[in-house]
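The values are calculated or read from the model by the stated rules, or taken from the named source; none is laboratory data. Owing to the predicted nature of the structure, the values given are computational and were not obtained by experimental measurement. Backbone-built Cβ (ideal geometry, glycine too); neighbour counts: all protein chains shown.
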Amino acid sequence: MSKERTQKRIFYNLMVTGGCGFIGSNFIRYIFKNTDYDGRIINVDKLTYAGNPQNLEDISRDYKQNYHFEKADICDTAKLTEIFSAYEIDAVCHFAAESHVDRSIKSPGSFIHTNIIGTFNLLELAKSQADKFVIFHHVSTDEVYGSLGSSGYFYEDTPYRPNSPYSASKAASDHLVRAYFKTFGLPVTVSNCSNNYGAYQFPEKLIPLMILNACEGKPLPVYGDGKNVRDWLYVDDHCEAIWKIIKYGMLGETYNIGGKAEMENILIVQMICDILDEMVPPKDGKSRRNLIKFVQDRPGHDRRYAIDFSKIKKELNWSPKESFHSGLAKTISWYLENPDWIENIRTGTYLSWIKEQYGS
């Protein structure tokens with residue numbers, strides 16, 4: 001199939017799967033606050049532990065005509081079919097996924113089910129709307145490429161070598177999306193991003209976990225020797241990149257999205273401690289670095305990830321705006337300024353609210 005680029009894709013009914021999660025909610029907010037999009041966004045989310053509709057309360061209030069929420073599991077074909085028909089979906093941005101490596105080691109089945117079968121269901125529905133469907137964008141991870149040594153980068157043509165059930169399930173879904181382009185001509189794009197951080201991230205991930213633990217004087221657990229390296233991407237930069245790909249990216253192509261911010265885990269934790277010590281001096285006068293505790297490494301822990309994003313920079317004129325230090329400072333400030341959100345997460349209050357609003 002020949003490659004095709006459009007000047008600007010036009011669609012009116014964009015389904016965002018997993019839109020109540022960390023990146024999805026930031027993406028929806030980015031579109032309404034930073035673009036000229038005047039169509040509808042239909043947020044489809046199962047509302048698992050990491051999906052919180054309160055993340056978008058302001059959007060739901062301020063954009064009533066353009067924002068719609070549907071509680072649904074992407075593995076529920078009947079419900080998805082109903083949503084596609086009711087809203088005349090002509091574009092999909094697919095975030096919905098089980099995404100935490102530690103959880104995939106303990107319970108891989110849910111990752112296989114959601115990340116592979118759920119993606120398949122969405123692709124089939126998009127294919128069924130071929131006469132009016134504009135774009136299916138699949139959001140994936142750099143973890144599908146495996147692990148790097150002390151040098152080198154992941155490129156779009158780097159062979160896949162996933163090392164965890166999570167990354168293996170995402171690799172499978174990537175291949176499905178590409179196959180639907182090659183076999184059926186479905187208009188797709190794919191992005192593989194580095195580690196995201198920013199507002200609304202569930203505190204099972206490294207940065208929010210360390211921020212909250214450090215604020216409360218709790219131990220800061222660091223796997224192994226702390227020298228595992230990740231490339232970090234501020235979530236707002238990621239959202240801008242995804243929107244550019246959806247609007248202008250070449251069909252059938254994959255784009256790597258990186259933050260140009262390689263950091264060892266231990267250095268990140270130390271930076272968090274130092275920034276917090278400056279923003280909120282500890283009462284005992286001791287550095288929060290004293291809270292760092294090295295713990296046994298997790299199985300299959302990849303040593304280093306690093307993204308080459310020269311393709312999206314060249315083709316779509318995108319580069320990250322935030323440095324790691326500036327993005328981290330903004331992230332820490334957000335968590336300090338939003339204690340109610342944190343309390344809701346800590347106590348599970350938001351889960352009770354979800355059950356009351358939407359049922360179990």
Residues of the stretch 127-167 that turn out to be buried (at least 21 other Cβ atoms within 10 Å of the Cβ) and in a helix (DSSP H, G or I), as a count: 7
Given (1) in contact (Cβ under 8 Å) with a residue 40 or more places away in the chain; (2) hydrophobic (A, V, I, L, M, F, W, C); (3) crowded, with 21+ Cβ neighbours inside 10 Å, index of the condition F11 fails: (3)
Residue among F294, F309, F324 that is farther than 30 Å from F32 by Cα, touching a strand residue (DSSP E or B) at 6+ places or on another chain (Cβ under 8 Å) and modelled with pLDDT of 95 or more: F294
Qualifying position, being surrounded by 14 or more Cβ atoms within 10 Å (Cβ to Cβ) and acidic (D, E), among E322, E356: E322
Count of residues meeting criterion [over 19 Å from G39 (Cβ atoms) and in contact (Cβ under 8 Å) with a residue 12 or more places away in the chain] in the stretch 77-102: 10
From D237, D302, residue being more than 19 Å from Q201 (Cα to Cα), of a type outside the set (S, T, N, Q) and in contact (Cβ under 8 Å) with a residue 12 or more places away in the chain: D302
Subset of the stretch 252-286 (residues that are loosely packed, with under 14 Cβ neighbours inside 10 Å and either closer than 19 Å to T158 by Cβ or not aliphatic (A, V, I, L, M) (or both)): D274, E278, P281, K283, D284, G285, K286
Unique match (being out of contact with any Phe, Trp or Tyr (no Cβ under 7 Å at 6 or more places or on another chain) and surrounded by 17 or more Cβ atoms within 10 Å (Cβ to Cβ)) among D38, D73: D73
